[in-house]
Amino acid sequence: MRLFGASLLKNMLDIVYFSGLSRLFKPIAQGDGIIFMLHHILPDAIQDKAKFRPNGLLEITPEFLEQVIIYLQANDYEIISLDEAERRLNNCTVKGRKPYIIFTIDDGYVDNLEHAYPIFKKYNCPFTIYVATDLCDHKLFMWWRALDAVIRDNLAVEFNAFGIKIDKPTRNVEEKYAAYNEIYWQLRDMGEVEKRGAVLALAQKYNFDPLEETKSVAMSWQQVKQLGQDELVTIGAHTMSHSAIAKLSDADAKTEIEHSRQIIHDKTGILCEHFCYPYGSAAEANLREFKFAQQAGYKTAVTTQKGMLYAGHKAHLYALPRVSLNGDFQHIRYVKTYILGLPFMLWNRFRKIHKY
C-alpha cells in the first residue's frame, strides 16, 4: 500500500515537473519560503524496493542532503533559522527578498550529529533539531521501529491480543509489507496508550527489546548540548513521549508541551523557543494544541501539513506547514518541484493557509 502510494505521488510530481506547470504557476504558488522536515540522515538510506523499509520515508542519505543544499545555494535561495523566519513573518517583510528555506529535523537521533551536522556546518547553513526528551533519556518506546523490527526479523507473525489480530507469513518483502499495513491500519485509530501497549506486547512476544533500540539511535544530552552551542543550531521541543497530542487530555497535553521544554533546559541549559507537534497532521494537532503551544510561550510551532509559507502565516505561527524530504523521493527534481509551490497549492485546493 505504501509503495503504491509513493509511486502514484511520484507520477503526479513528475507530471507537474516535466510539464513546466511549476514554473508557470510560480508567481502565485511559491510564497515566501518553505520549511523542510527531516528525521534520519544515514549513509545506507537508499531507495531499494528489494528491501523491507516501511520507515524508509524518514531516511535520506547525507549525499542527497548535500545535493539539496548545493542546489538551493546555487539558485538564490536563502537558508535561514527559525528565529529569522519568525521575524520575517511578524514583520511582513517587503517583496523582493529571496525565497527562504528552513531545515528542521525531528526527534533527536545521533545520526543528526554524525551525518547531518557536518554537512550543514560545511555550507554554513542554520537548522533546527526538535528533541523528544524521552528519546535522550533512553525511555522512549518507538512503536513504529518495534513494529518494523518484528516483521523484518521473522518469517511469520501471529498475534491476537491488545487490539491487534494477525496471522500472516512474512517470508519476503511483499508479505512483510502486507503484514505491516494490516497491523498499521488496526493501530491507526487507537489511543496513544492502547497503541503502545499493543505493539509492546507484540514486540515482547518476538523477543525484541525496544529500549535497546532507543539507546542505539538516540543522542545523549551531552551531544544535544554540544550541538546547541553552535550558533547555526536551534534546539526545539518535541514533547516528552512523542505522543499524538490531540489524543491526550488537556492536562497531559499541556504537560507534554511545557515540561519537554523545561527538561531540555534542565539537561542542557538551552531555552527552547520553538515547538514541533509529533506526527503533526490535523488529527494529531489542531486548534486546542495550537492554543496550548502559544500559552506555553513558544515563538512558533510546526505541523506536518504540507504547504509553503506566506505572509498570512503571521496569524498562524503555531500551525506552520512543513514539507518532508522523503526518503522515497531522493531526486533533486522533486525538490525543484516542491520549492515552486504548485504541488501544495493543488493539495490544499488553492488555499494558501490550511483550514482547521
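The values are calculated or read from the model by the stated rules, or taken from the named source; none is laboratory data. Just so you know, these numbers come straight off a predicted model, no measurement behind them. Every residue, glycine as well, gets a Cβ built from its backbone with ideal geometry; the counts of neighbours run over all protein chains shown.
Every listed requirement among (1) crowded, with 21+ Cβ neighbours inside 10 Å; (2) in a helix (DSSP H, G or I); (3) not assigned by TED's automatic domain parsing to the domain that holds Y123 is met by E182 save one, (1).
R53 passes every criterion in (1) of a type in the set (K, R); (2) closer than 27 Å to N172 by Cα; (3) surrounded by fewer than 20 Cβ atoms within 10 Å (Cβ to Cβ); (4) at pLDDT 85 or above apart from (3).
Beta carbons closer than 8 Å, at least 6 apart along the sequence or on distinct chains, pair a first residue in segment 334-356 that is on the phi > 0 side of the Ramachandran plot and modelled with pLDDT of 90 or more with a second that is in a helix (DSSP H, G or I) and buried (at least 19 other Cβ atoms within 10 Å of the Cβ) for G341/S22; G341/A29. Across segment 144-173, the number of residues qualifying as acidic (D, E) and more than 27 Å from V217 (Cα to Cα) comes to 2. Taking segment 214-243 as the range and being in a loop (DSSP other than H, G, I, E, B), touching a helix residue (DSSP H, G or I) at 6+ places or on another chain (Cβ under 6 Å) and not aliphatic (A, V, I, L, M) as the test, the residues that pass are T239, S241, S243.
Here is a check on your reading of the model: is L24 surrounded by 14 or more Cβ atoms within 10 Å (Cβ to Cβ), closer than 25 Å to W347 by Cα and either modelled with pLDDT under 90 or not polar (S, T, N, Q) (or both)?
So L24 fails the test.
Per the conditions (1) over 17 Å from V16 (Cβ atoms); (2) of a type in the set (K, R); (3) within 16 Å of the chain's Cα centre (by Cα), the sole criterion not satisfied by K306 is (1).
Taking the stated definitions as given, is Y334 of a type in the set (F, W, Y), part of a loop (DSSP other than H, G, I, E, B) and surrounded by fewer than 23 Cβ atoms within 10 Å (Cβ to Cβ)? So Y334 fails the test. Pairs are defined by a Cβ separation below 9 Å, a sequence spacing of at least 6 or placement on different chains, a first member in segment 63-91 that is not assigned by TED's automatic domain parsing to the domain that holds H316, and a second member that is surrounded by fewer than 16 Cβ atoms within 10 Å (Cβ to Cβ) and assigned to a helix (DSSP H, G or I); no pair meets this definition. Counting only strands (runs of 3 or more DSSP E) that sit wholly inside segment 94-168, those with at least 3 residues that are outside the structural domain of E84 (by TED's automatic domain parsing) are 156-161. I'd like to know if segment 90-103 contains one or more residues that are loosely packed, with under 15 Cβ neighbours inside 10 Å, in contact with a helix residue (DSSP H, G or I) (Cβ under 8 Å, 6 or more places away or on another chain), over 21 Å from W347 (Cβ atoms) and of a type in the set (D, E, K, R). Within segment 90-103 (the criterion being loosely packed, with under 15 Cβ neighbours inside 10 Å, in contact with a helix residue (DSSP H, G or I) (Cβ under 8 Å, 6 or more places away or on another chain), over 21 Å from W347 (Cβ atoms) and of a type in the set (D, E, K, R)), the answer is yes, since at least one residue qualifies. Evaluate the following for F208: is it farther than 30 Å from I101 by Cβ and more than 26 Å from the chain's Cα centre (by Cα)? So F208 does not fit the description; no. Here segment 113-136 is the region considered, the condition is being within 23 Å of A85 (Cβ to Cβ) and hydroxyl-bearing (S, T, Y), and the residue that is farthest from the chain's Cα centre (by Cα) is Y123. You will find that of D83, D44, the residue that is part of a loop (DSSP other than H, G, I, E, B) and acidic (D, E) is D44 and no other. One residue stands out among those in segment 47-67 that are in a helix (DSSP H, G or I) and either under 21 Å from L309 (Cβ atoms) or among the small types (G, A, S) (or both): the one that is farthest from the chain's Cα centre (by Cα), which is L65. Within segment 195-213, the residues that satisfy the criterion of being over 15 Å from V110 (Cβ atoms), of a type outside the set (S, T, N, Q) and assigned to a helix (DSSP H, G or I) are K195, R196, G197, A198, V199, L200, A201, L202, A203, K205, P210, L211.
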